[in-house]
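Only one structure is covered here, and it is reproduced in the block below.
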Amino acid sequence: MHGKLLFCLLFMLTAGPPPAPRAAEAPAVASAPPVRSRLLASRQGAAAGDTLLLGVLLEPAAGWHLYWNGRNDTGLAPQIQLSLPPGVVFLEDWRWPAPERHLLRGKLLDHIYTGRLLLTTALRLPDPLPPGDFLSITGHVDWVACLEACRFGSDSLSLQLPHCLHGAPAQPSAADGLIAQVRADLPLPLRVGEAGLRIERGESGVLVELPGARSLAFYPAADCVELLNPLADGEAIGERLNLRLAHGALARGALRGVLAELVMGERRHYFLDHPLDPPPADPTAAPPTAERPKE
């Protein structure tokens, strides 16, 4: 993480500042932040014992992009910190939509979002609710956004939901539909055998095959087994991907990340979490010679 932060700082310095605004442009427009962030909820109020969906919406300005929380050569993903009222608990980690591959000069590879990014999670509210008339959630989100150059930023987050009357359900909010749609489009878990998926470990790499795909791309998660060259190997025409492992037969871990499939003009995304067994033994290799017992 520290190395990536240093790289990102160097990238900012070497990329140079963004173009100076034209004289006709107002200074306030030129200094506007490249990202605006908001905290959203799926309900208008807080009901005791309810499950509440939260979303952090980050909206980059035109041309700017944000980073995925998987493997990137340069950028850092948004970091969210929230302060929850007593008794309110997270039911899951933040859920990330599928990103897209972004190639840079110098054979660098990032996975990014070029439009608005909505990160979601689920909370369980206590029964009874904490004292007071409102459920207050506060925090901040730190982000890195890039165009020709990169900028670091931080936005405060705040949300107050009025307590529902005892026994009354919380009504959907204006953001409920957006949150539901983004969660419906999240990458689906896919295991070997489902939809014909085949993952086969070889001596120095992994074969991923999904029948019927016009093209495949793989976006490695942060804890994916180390790949030798995800830039060259991570995208291919057809239904097969050959991913070389950084340490060949010695590589250990799991093939973990997002698999993007293009079929019938539609892009579909799946999440792979496949443990990699050691490569199969060479049947032609001579068996090990037993040691003679010492006399």
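Here's the yes/no breakdown for (1) modelled with pLDDT of 95 or more; (2) in a strand (DSSP E or B):
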position	(1), (2)
137	yes, yes
160	yes, yes
166	no, no
218	yes, yes
231	yes, no
236	yes, yes
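Cβ separations smaller than 7 Å between residues 6+ apart or across chains give the following pairs from the range 198-209 residues that are part of a loop (DSSP other than H, G, I, E, B) to residues that are of a type in the set (Lys, Arg): 204/244.
Tallying residues that are farther than 18 Å from residue 189 by Cα and hydrophobic (A, V, I, L, M, F, W, C) within the range 242-262 yields 6. Only one entry in 227, 188 is closer than 29 Å to residue 77 by Cβ, at pLDDT 95 or above and crowded, with 17+ Cβ neighbours inside 10 Å, namely 227. Taking the listed residues 222, 213, the one that is assigned to a loop (DSSP other than H, G, I, E, B), farther than 24 Å from residue 65 by Cα and modelled with pLDDT of 95 or more is 213, with no other qualifying. If you go through the range 265-275 and keep only what is over 17 Å from residue 101 (Cβ atoms) and at pLDDT 95 or above, you end up with 273, 274, 275. Considering only the range 238-264, state which residues are under 24 Å from residue 103 (Cα atoms), in a loop (DSSP other than H, G, I, E, B) and touching a residue at least 24 places away in the same chain (Cβ under 8 Å). Those that are under 24 Å from residue 103 (Cα atoms), in a loop (DSSP other than H, G, I, E, B) and touching a residue at least 24 places away in the same chain (Cβ under 8 Å): 238, 239. When the range 98-111 is filtered for residues that are crowded, with 18+ Cβ neighbours inside 10 Å and part of a strand (DSSP E or B), the ones remaining, listed by number, are 102, 109, 110, 111.
Considered as a group, the residues in the range 150-185 that are touching a helix residue (DSSP H, G or I) at 6+ places or on another chain (Cβ under 9 Å) and buried (at least 16 other Cβ atoms within 10 Å of the Cβ) include one that is farthest from residue 78 (Cα to Cα), and that residue is 173. Among the residues of the range 59-97, those identified as buried (at least 21 other Cβ atoms within 10 Å of the Cβ) and not in a loop (DSSP other than H, G, I, E, B) are 60, 65, 66, 67. Out of 115, 132, one residue alone is within 20 Å of the chain's Cα centre (by Cα), among the small types (Gly, Ala, Ser), surrounded by fewer than 21 Cβ atoms within 10 Å (Cβ to Cβ) and assigned to a loop (DSSP other than H, G, I, E, B). It is 115. In the set 71, 95, 36, only one residue is touching a Lys or Arg at 6+ places or on another chain (Cβ under 7 Å) and modelled with pLDDT of 95 or more; that residue is 95.
The values are calculated or read from the model by the stated rules, or taken from the named source; none is laboratory data. Just so it is clear, the structure is predicted and the values come from calculations on it, not from any experiment. Note that each Cβ is placed from the backbone with ideal geometry, even for glycine, and that neighbours are counted across all protein chains shown.
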